[in-house]
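To start, the structure under review is shown below, and the notes come after it.
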């Protein structure tokens, strides 16, 4: 008997549904993954000096190395650089290599970036016929069969479009950091090693930043970022070649994870 009369089955079901809804809400709140900004944002003691150095380097690139462009994979480092370019109102366009195999989350971020960026966002895609021929001859999963086939796929989807993106440029800007891998431990702020051969300099304005610095900037400035970072994807490339990493794994362990641990590059940042 209820306080205002007999309880019905409908009343009981209503109470049951409310309890289930409350329980589900509490469970979701407890199990929802933490945001990357909550997990990683931790500025270095000298972050202010690093930021000033980065801003000065970007301003130098725009003033002294035009035409210059930013290469963006839409990863955490790259969205920081694009945000800085827009904040400083620098005349530096941005290009993205849309390989035809990117995650849906990356493509959605690309659309949002195009809609809101002051700097022009140029998209370079692989030659469709080359992709079709590769898939016809080697198959959809060729990249898992051998390193040579994986690099051939990268060549079609990344390297050839990159060459077009850099045509006529005097310099380009990347999100390389020394902390990312052993292969990148010596990345300089300004790399002029290919100026003589290619008339092309490379700026790495975040070279000295830590992962915590990157996320501190994103959190502080509310920079839009790829939600895959919230799912433990620190380094994001093509969907077939990228996975989340586990606690204790190296930063780039999720890239081409079936290959030799020492080979974690696609060729974009390898001197030829």
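Both the radius of gyration and Dmax for the stretch 36-231 are 17.3, 53 Å, in that order, over alpha-carbon atoms.
Name the shape class, rounded, prolate or oblate, that the alpha-carbon gyration tensor gives for the stretch 80-136, where a ≥ b ≥ c are the square roots of its eigenvalues, rounded holds for a/c under 1.5, and otherwise prolate holds if a/b is larger than b/c and oblate otherwise. The shape class here is prolate. With coordinates expressed along the principal axes, the C-alpha atoms belonging to the stretch 39-88 extend over 37, 24, 14 Å, beginning with the largest.
Go ahead and run the numbers for FRET between residue 239 and residue 190, Cβ-Cβ distance against an R0 of 35 Å, rounding to 0.05. The formula returns an efficiency of 0.60 here. In terms of its alpha-carbon gyration tensor, the stretch 131-178 comes out oblate; a/c meets the 1.5 threshold, while b/c is at least as large as a/b. Oblate is the label for the stretch 132-259. Its Cα gyration tensor axes, ordered a ≥ b ≥ c, give a/c of at least 1.5 and b/c at or above a/b. Based on Cα contacts under 8 Å between residues 6+ apart, the stretch 36-231 shows a relative contact order of 32 percent. Label-to-label distance for residue 66 and residue 257 is 4.5 nm, based on points extended 7 Å past Cα in the beta-carbon direction.
Packing, as the average of other Cβ atoms within 10 Å across residues, places the peptides 54-61, 124-131, 244-251, 77-84 in the order 77-84, 54-61, 124-131, 244-251, highest first.
Taking label positions 7 Å along the Cα-Cβ direction at both residue 42 and residue 199, the computed distance is 4.7 nm, reported to one decimal. Net length available on complete extension from residue 89 to residue 148 is 17.0 nm, with 0.36 nm assigned per residue and the Cα-Cα distance removed. For the pair residue 117 and residue 35, a Förster radius of 22 Å applied to the C-beta separation gives a FRET efficiency near 0.45, rounded to the nearest 0.05.
Bear in mind that the values in this text are calculations on the coordinates, not laboratory data. All of these numbers come straight from a predicted model, not from anything done at the bench. Here the Cβ is made from the backbone with ideal geometry for all residues, glycine too, and neighbour counts use every protein chain on show.
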